[in-house]
Amino acid sequence: MDKLPKIALPFIVAAVLVVVFLSKSTVTIDSGQAGVLFKTFGDGVVIDEPPMGEGFHIVAPWNRVYVYEVRQQEILEKMNVLSSNGLDIVLEASVWFQPDFVNLGKLHQEKSEMYKERILLPAIRSAARSVVGRYTPEQLYSSKRDAIQQEIFEETKNIVDDQYIQLNEVLVRDVTLPTTIKDAIERKLKQEQESLEYEFRLITATKEAEKQIIEAQGKADANRILSASLTDKILQDKGIEATMELAQSPNSKVVVIGSGDSGLPIILGNQ
C-alpha cells in the first residue's frame, strides 16, 4: 500500500482536531432538560443567566455543561416511623417534585446533582417522623390519612422552599401497622359499626312505635269527638235518610208495617 503523501498528513491532523474541537464545543439538551454552564476560566457556575434550554448549543471546549431533568419527577420512599405511643409504623409515600428552573445554577452550585439525596429525601423523612409522631396507630390506619398527608407536604415544603426545589405533592400510599395492632383496630372498628347499626335499629323502632301511638291516639280522639256529637236526634235523621235510600232502590220492595223503638220504619221484603 502506497504511503500517504507527506503533504496530506497535516490536513488529516487538522481534520481530527476539528472533529475533537466540535465534539467538545457542542451540547444537545433533550426535552424536559436544562443545562448549567460551568466556565473553567471564568467565575465557575453561571448563576446570573437563565439555564440553557432544549436544543443544540455551542460552548467553548474548555467549559462544561451539567444537564438536569427539570420535568416533574417522583421519588417513592418507604420509612420506619413511630406513632404517638411509640409503635413502629412503616409509611410509604410518593413525592412529586422538580428543580426550580430559574435557580438551577444556584442549585448546582450549592447542592450539586445529588440534591435529591442530600436535601429532598432527608426533608421528607424528617417531616414524616414529626407528623406521624402526633397520631395514634388507629388514627393513622383509618380517620386521619388525608390530614397526615397534607401535614407531611406542608412541613416538607417549608424545608425545601429555600433550597431551590419545587415540591408539588406528597401522597401517602400505604401505612403498615404491626399485625396485632392492625387486627385489634379492625375488631374495634367492626364492633363500633355493629353498635351504630344496633342504635340505628333502636331509633327506627322507637320512631315507628311513636308513630303508631300518635295514629292510635288520633283515631281515639276522633271517635270520642264523633260519639259525643251523635245525639238521638242526629241518629234518627241518619236512619230516615238511609231508609229513604233503600226504599228508592229498584232492587228492593219496601213494606212498612210499623215502627221500631226509635220511631223508625221497619223495612221488609228484600228481593
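The values are calculated or read from the model by the stated rules, or taken from the named source; none is laboratory data. Small disclaimer: the values here were computed from a predicted structure and weren't measured. All Cβ positions, glycine included, derive from the backbone under ideal geometry; neighbour counts span all protein chains shown.
Identify the single condition in (1) within 30 Å of THR176 (Cα to Cα); (2) not assigned by TED's automatic domain parsing to the domain that holds GLN150 that MET52 does not satisfy, given that it satisfies every other one.
All conditions are met except number (1).
With (1) more than 19 Å from the chain's Cα centre (by Cα); (2) crowded, with 21+ Cβ neighbours inside 10 Å; (3) over 23 Å from PRO50 (Cα atoms); (4) β-branched (Val, Ile, Thr) as the list, and VAL131 as the residue in question, which single condition is left unmet?
Every condition holds for VAL131 apart from (1).
Considering each of GLU49, GLU69 in turn, give the residue that is out of contact with any helix residue (DSSP H, G or I) (no Cβ under 8 Å at 6 or more places or on another chain) and either of a type in the set (Val, Ile, Thr) or modelled with pLDDT of 85 or more (or both).
Working: GLU49 fails: out of contact with any helix residue (DSSP H, G or I) (no Cβ under 8 Å at 6 or more places or on another chain).
Answer to the check: GLU69.
If I filter the range 142-158 for residues that are modelled with pLDDT of 80 or more, among the hydrophobic types (A, V, I, L, M, F, W, C) and more than 30 Å from VAL70 (Cβ to Cβ), do I get at least one hit?
yes
Might you let me know whether the range 112-125 holds any residue that is in a helix (DSSP H, G or I) and either over 30 Å from GLU69 (Cα atoms) or polar (S, T, N, Q) (or both)? Please lay out each step first, then the result.
Filtering the range 112-125 down to residues in a helix (DSSP H, G or I) leaves 115-125.
After this cut, where a residue has to be either over 30 Å from GLU69 (Cα atoms) or polar (S, T, N, Q) (or both) as well, the list is none.
Within the range 112-125, not a single residue is in a helix (DSSP H, G or I) and either over 30 Å from GLU69 (Cα atoms) or polar (S, T, N, Q) (or both).
Mind checking whether some residue in the range 127-141 is at pLDDT below 95, part of a helix (DSSP H, G or I), closer than 17 Å to ASP174 by Cβ and of a type in the set (Phe, Trp, Tyr)?
yes
Does the range 62-86 hold any residues that are exposed (fewer than 13 other Cβ atoms within 10 Å of the Cβ), in a loop (DSSP other than H, G, I, E, B) and at negative phi, and which are they?
Matches in the range 62-86: TRP62, ARG71, GLN72, ASN85.
Only one of these is closer than 19 Å to VAL46 by Cβ, crowded, with 19+ Cβ neighbours inside 10 Å and of a type in the set (A, V, I, L, M): LEU140, LEU91, LEU167, LEU107. Name it. If you could, list the steps in order and put the result at the bottom.
On the way: LEU140 fails: closer than 19 Å to VAL46 by Cβ; LEU91 fails: closer than 19 Å to VAL46 by Cβ; LEU167 fails: closer than 19 Å to VAL46 by Cβ.
So the residue among LEU140, LEU91, LEU167, LEU107 that is closer than 19 Å to VAL46 by Cβ, crowded, with 19+ Cβ neighbours inside 10 Å and of a type in the set (A, V, I, L, M) is LEU107.
Does TRP96 qualify as being farther than 24 Å from LYS111 by Cβ and among the aromatic types (Phe, Trp, Tyr)? Reasoning before the result, please.
On the way: farther than 24 Å from LYS111 by Cβ: no; among the aromatic types (Phe, Trp, Tyr): yes.
No.
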